[in-house]
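Each reported figure results from applying straightforward, stated rules to the coordinates on display, with no laboratory input. Remember, it's a predicted structure, so these values are computed and weren't measured experimentally. In this analysis, Cβ positions are derived from the backbone assuming ideal geometry, glycine residues included, and neighbour counts consider all displayed protein chains.
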Amino acid sequence: MRQNIHARVAEFIQNPLESFDKYSEEDLFMSLEYYLILSVFFSLLSSVTTVFGMNSIATMFFNIQTEEMVLWMALPVTFTAILLVLISGLFLSGIFLHIFVIITGGKRGYVRTVKSIIFASTPALIFGWVPVAGIVAFIWSFILAIFSTRKLQEISTARAVLALIIPMTVLLIIIASLSGVYIYTYYLE
């Protein structure tokens, strides 16, 4: 199960549509291995930027000094948390997205939905840890998610957009509602 990760990342970055064709029929475990390797890379770099970035902000704005030992202890915890969120998030978002893929006419199965998320995640997992470039990488991944969902589920672009926008809107409404309840309960009473 050896993959040339560098070549594969380059393919997904440079020619994503061709890469969707090339890897759409591969075994799910090969795709999961690819995702896991990129997730470890992202988690490692993201945990370093998060821990040391938060320390810099605390020092700069609040004059709070953190012991170096605490920072080094926070790294494995942060790394593990990010990695667990990425792995569980892949399958949970796959379920959530697949419900809307089915609603919009996709009939190619849950595995293809998960693969579309894996393939589209490449820019976010490679560049997402970089503070400003990460925003562009996540937008790029969202656009790729539209195309990978369209390709792997064999639905139109409009249906793929709906399959992605509807769950995001539902999720934002749920988050806003829960935030409103929290604020009302704890701050306005």
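Go through the range 94-123 and report how many residues are part of a helix (DSSP H, G or I) and under 17 Å from Ala10 (Cβ atoms).
5
Has the range 164-177 got any residue that is under 16 Å from Tyr35 (Cα atoms) and of a type in the set (Val, Ile, Thr)?
No, the range 164-177 contains no residue that is under 16 Å from Tyr35 (Cα atoms) and of a type in the set (Val, Ile, Thr).
Pairs needed: first member in the range 10-38, without any contact (Cβ under 8 Å) to a residue 60 or more places away in the chain and part of a helix (DSSP H, G or I); second member anywhere, of a type in the set (Asp, Glu) and surrounded by fewer than 15 Cβ atoms within 10 Å (Cβ to Cβ); C-beta distance under 9 Å; at least 6 residues apart or different chains.
Listed by first residue and then by second, the contacts come to Glu11/Glu18.
Among residues belonging to the range 129-153 that are β-branched (Val, Ile, Thr) and in a helix (DSSP H, G or I), point out the one that is nearest to Ser31 (Cα to Cα).
Per the stated criteria, the residue is Thr149.
Confirm whether Ile126 is surrounded by fewer than 17 Cβ atoms within 10 Å (Cβ to Cβ) and not in a loop (DSSP other than H, G, I, E, B).
Spelling it out, it is not the case that Ile126 is surrounded by fewer than 17 Cβ atoms within 10 Å (Cβ to Cβ) and not in a loop (DSSP other than H, G, I, E, B).
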